[in-house]
Amino acid sequence: MTLIVILSALAIQRFLGYCSSTNRLDWVSHYFKWMFGKCQWIAESHGLIGFALLILPIVFLTAVIFGIIYAAFGFLAYWLLNLLLFWYCVDGRNLRKMSHSASSAMMLQNAYESLFAIVFWYALFGPVGLSLYFSTSQINKVLFQPLRLTAGGETSGNDGGERKEVCEERDYRALTDSSMQSFFLKVQNGMDWVPVRLLGLTFALVADFSAVFKLWVDKLFDQKMQTKALLVVWGEASLQSEVPAEGKLLPTISLIEKALLVWLIVIFLVTLGFLS
């Protein structure tokens, strides 16, 4: 069922053009405002408590809904609900048909966050694992990333003024120095540890294996670099032998598509192993 769900959702997005990522509601802001209204001490609480209060209700509700749907309506309804959830979380649009202004590093990170991480957590842990990862990543992205400050106290990035206005409008500034922010980021890095390294190994398999694999082994347990930064290092190394004179756009897309194909084949083989 897992492979069929993944293939169906990707086919809907890539060939029919129905993608959820362009029409997602900002549910994180509304959800946090509601929770903050109920428990105003969330922003000042210990990271573990804040994480439990924000994430566990989503995961619990997902498990309850999927359990009720399966018990009341059977496997077909359960499968359709899996398809709907995975389609909502993943972004599997055809990159060759999209206009790009981002760098290859940004494309690699976006592909990981919106595609490979989603596939990994759903394939391994089903809808509950997917809701855990997706809700954690979305809260990190919406609540915490706009609040990161540089050492001088200014908001980082070129849109610092805009980000400051967003922070003031949401009134989330209390989160900036909270232990909850640090805890969420640690949890995110922990959840990304395995899939990022698997994707790096996949890059080695579909590119210059000897060069990329050596770099992959050297950086495998690197604690100095952030988890997603390692992905960019391995991805850039995989592109070095394939970059044409006009740039890295098409080779980066090709690398992402080859890696996705390898992952789908592995999921297929694992599925056959369980069925046999």
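The values are calculated or read from the model by the stated rules, or taken from the named source; none is laboratory data. The model shown is predicted, which means the values in this text are computed figures rather than measured ones. Cβ coordinates were reconstructed from backbone atoms using ideal geometry, including for glycine residues, and neighbour counts include every protein chain displayed.
The table that follows gives values for the structure above.
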{"quantity": "Unmet criterion (only one of (1) modelled with pLDDT of 85 or more; (2) surrounded by 12 or more Cβ atoms within 10 Å (Cβ to Cβ); (3) more than 24 Å from residue 260 (Cα to Cα)) for residue 7", "calculated": "(3)"}
{"quantity": "Conditions (1) in contact with a helix residue (DSSP H, G or I) (Cβ under 7 Å, 6 or more places away or on another chain); (2) over 21 Å from residue 1 (Cα atoms); (3) modelled with pLDDT under 90; number of the one not met by residue 271", "calculated": "(2)"}
{"quantity": "Answer from 224, 186 - the residue that is surrounded by fewer than 18 Cβ atoms within 10 Å (Cβ to Cβ) and either in a loop (DSSP other than H, G, I, E, B) or modelled with pLDDT under 85 (or both)", "calculated": "224"}
{"quantity": "Test: residue in region 75-83 that is at pLDDT 90 or above and at positive phi", "calculated": "no"}
{"quantity": "Qualifying residue in region 154-164 (condition: assigned to a helix (DSSP H, G or I) and either at pLDDT 90 or above or in contact with a Lys or Arg (Cβ under 7 Å, 6 or more places away or on another chain) (or both))", "calculated": "no"}
{"quantity": "Sole exception among (1) part of a helix (DSSP H, G or I); (2) over 21 Å from residue 118 (Cβ atoms) for residue 201, by number", "calculated": "(2)"}
{"quantity": "One residue from 122, 88 being assigned to a helix (DSSP H, G or I), touching a helix residue (DSSP H, G or I) at 6+ places or on another chain (Cβ under 8 Å), modelled with pLDDT of 90 or more and within 22 Å of residue 133 (Cα to Cα)", "calculated": "122"}
{"quantity": "Sole residue being at pLDDT 80 or above and loosely packed, with under 12 Cβ neighbours inside 10 Å, chosen from 56, 25, 16", "calculated": "16"}
{"quantity": "Cβ pairs under 6 Å, 6+ apart, first in region 89-116 and surrounded by fewer than 18 Cβ atoms within 10 Å (Cβ to Cβ), second at pLDDT 90 or above and among the basic types (Lys, Arg)", "calculated": "none"}
